[in-house]
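Beneath this line is the structure, given in structure tokens, with notes to follow.
The values are calculated or read from the model by the stated rules, or taken from the named source; none is laboratory data. The structure presented is a predicted model; accordingly, all values stated were derived computationally and were not measured. Cβ atoms come from the backbone with ideal geometry, glycine included; neighbour counts cover every protein chain shown. The accessibility values were calculated without ligands, DNA or RNA, using every heavy atom of the protein model including side chains. Shrake-Rupley method; radii C 1.70, N 1.55, O 1.52, S 1.80 Å.
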Amino acid sequence: MNEAEIRERLDRTNELLQRMLAEVSKTPSTHAIFVDAGYVYAAAGLLVTGTEDRRSFDLDAEGLIEAFIDKARTIFADSRLLRVYWYDGARRRIHTVEQQSIAELPDVKVRLGNLNANNQQKGVDSLIRTDLESLARHRAISDAALVGGDEDLVSAVEAAQGYGARVHLWGIEAGEGRNQAEPLLWEVDSQRTFDLDFCRPYVTRRPVTTYEDDTPAPAREDVRFVGAQIAAAWLAARGRESLADLLPGHPYLPGSVDQDLLVEAERLLQHSLRGHAHLRRALRDGFWQHLQSQY
């Protein structure tokens, strides 16, 4: 190949590169919002109502998602929204009624991990990593707003950044200390925190159910029977495999399960069991007896 031919090939290559760069410059930037719902419920609930317990408050997820979208529209002014990813946990990954309503929102994708017997999310972080990495690798997004705080998300951030995406960590103000892991804060490209005024419109404390105590307390055997009823419903909803997490702790129940048992029993009995230690023991006995009979 002579010098003239080499120069001609170089010219063609340069022309091709210039065309590619021109096309890339015309392509609009795209961003997506990745929301760890467990983090949002816990952090926003604690900030507004003083508790992380989901049963104690209602979260206007639709309103909050719209607020996140509006904030992203302001921050990423020259970018279009791909979608909002909403990560939550559910028994057997079956949508709850609330999760179904969120999934029906425009531009929102609900992704479900599992919940164990202690109501702890499993698999959510890996879902976030998979989506972040995949979208960044295929150049589907240029910016990712990540709403979360778990240190396990560091690998997701690193994976996305490795493909050229910028990751922006969004968090919810903590009353004391921090609710986001320091290694995560160190890794991201930018940080933003939403304060009480931002969160307050979307979190509402539920009214506390009270029962009249001037009626006679239920009989011990009635309470045991209700405990067995609740155990049957609990087993039907979660499956026999969930017993593996629960049975090693006998005769003690995880705090979240014990609280759910008490609240549901009081609803069925229409009588408070607070201050009735012997009846609460009967309730747990009935619950355990049914579970062990099915093992």
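Worth a mention:
- Cα centroid separation, the range 168-205 to the range 210-288 (Å): 36
- With Cα atoms, 0 to 90° folded angle of helix 37-49 axis to the chain main axis: 60
- Relative packing of 124-132, 62-70, which averages over residues the other C-beta atoms within 10 Å, highest first: 124-132, 62-70
- Placing unit charges on the Cβ atoms of the charged side chains and taking the dipole of the chain about its Cα centre, the candidate lying farthest along the positive direction among Ser29, Phe68, His276 is His276.
- The gain in end-to-end length when the Ser293 to Arg7 segment is fully stretched comes to 94.5 nm, 0.36 nm per residue minus the alpha carbon separation.
- Modelled FRET efficiency - R0 22 Å, Ala181 with Arg139, Cβ distances, 0.05 increments: 0.20
- Sites matching chymotrypsin sites (Phe, Trp or Tyr not before Pro) across the range 164-241 that sit in DSSP coil, with at most 15 neighbouring C-beta atoms within 10 Å: Tyr211
- Residue with peak Gaussian network fluctuation, the chain [Cα springs, cutoff 10 Å], from Leu112, Leu268, Leu153: Leu268
- Cβ-placed point charges (K, R +1; D, E -1), dipole of the range 142-287 about Cα centre in debye, nearest 20: 560
- For the range 163-295, with all protein chains in place and a probe radius of 1.4 Å, 49% of the accessible heavy-atom surface sits on carbon or sulfur.
- Carbon/sulfur fraction of accessible area - the range 46-145, other protein chains in place, 1.4 Å, %: 45
- P(r) tail fraction, the chain - alpha-carbon pairs more than 28 Å apart, %: 52
- Taking GluC sites (Glu not before Pro) across the range 206-295, the ones in a DSSP loop with at most 14 further Cβ atoms lying within 10 angstrom of their Cβ are Glu212.
- Antiparallel DSSP beta bridges within the chain, as percent of all bridges there, nearest 5: 15
- Ligands, DNA and RNA are left out, and with a 1.4 angstrom probe the accessible area of the range 228-275 is 50 Å² per residue.
- 222 nm mean residue ellipticity, helices alone, for the chain (DSSP H n ≥ 4; -39,500 (n - 2.57); rounded to 500): -15500 deg cm²/dmol
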